[in-house]
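Written out below as C-alpha cells is the structure these notes cover.
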Amino acid sequence: MKLFYSVLFSVFTLTACAGNPVNAVPVSSFETDRYLGTWYEVARMDHSFERGLSNVTANYSIRDDGKIKVENRGYKDSKGEFEDAVGKAKFAGNETTGHLKVSFFGPFYGDYIIFDLDKANYTYAYVSGGKDNYLWLLSRTPTISETVRSSFLTQSKALGYDTDSLIWIEHDKAK
C-alpha cells in the first residue's frame, strides 16, 4: 500500500510539472461575487481529466469555509452520460486579483489565472493554468462572438499557447 501511494504522489507531482510556464498576468479589480455561478467551457487544451467530454460547465459558489466550491460537469461521450467533479479553490494572494489555486485531488492545487475578463458584465473569461498545456475559454453562454474568439486566440498565442490544438466544445445535450 505504501508503494501505491508513493507512485500516486509521483504521478501527480510529474503531471503538475508538465508543460512550459507562460506569463499569464491575472486581472486586477476581480469581484468574486460577480464571477460566481455557471460558466460554459467554450474551448480548452486537451488534457487527461477532461478527455472525451463535451457540454462542459463549471459552477462556482462560496463554501462555508470561505473557499470557492468548483463543480465541473461534462458529458462523457463514450459512456453516454454526464460526469461530475467537485473541487475547491482559494485565492493565490489578494482576493481582488484573478489568480486562484484549484484542487480536485486533495492537497494538490493548480494555478487558475484569469488573464482576461469582461469586467463590465462578466460574460467571458480567459483562464490559464500557468503552463502552456492548460488553457480555457469560459462564457456565460454556450457560444461567443467572433470578437471574443479572435481576442482569445490572439492573447493566447502571444502567451505561447498552440491555439491550433484547442478543442472547441459542443453544447448539444440537455443537462
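Where a number appears in this text, it was derived from the coordinates with a stated rule and is not lab data. Quantities reported herein were computed from a predicted structural model and do not represent experimental measurements. All Cβ positions, glycine included, derive from the backbone under ideal geometry; neighbour counts span all protein chains shown.
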Report, in listed order, any pair from Lys131/Lys173; Lys69/Lys90; Lys69/Lys157 with a Cα-Cα distance greater than 19 Å. Lys131/Lys173; Lys69/Lys157
Note to self: C-alpha centroids of the range 134-153 and the range 75-97 sit apart, in Å, by 18 Å
Rounded to whole angstroms and listed largest first, the alpha-carbon spread of the range 96-154 along its three principal axes comes to 38, 25, 20
For the chain, the charge dipole (Cβ of Lys, Arg +1; Cβ of Asp, Glu -1; about the Cα centre) points to a positive end, and the Cα of Leu166, Phe49, Leu135 closest to that extreme belongs to Phe49
Dipole moment magnitude, nearest 20 debye, the range 17-175 about Cα centre, only Lys, Arg, Asp, Glu C-beta charged: 260 debye
Virtual spin-label span in nm between Asn20 and Ser48, 7 Å along Cα→Cβ: 2.3 nm
Which one, Thr123, Ile144, Leu36, projects farthest toward the positive side of the charge dipole computed for the chain from Cβ point charges (K/R +1, D/E -1)? Leu36
Could you sort 41-50, 128-137 so that the peptide with the highest average Cβ count within 10 Å comes first and the rest follow in order? 128-137, 41-50
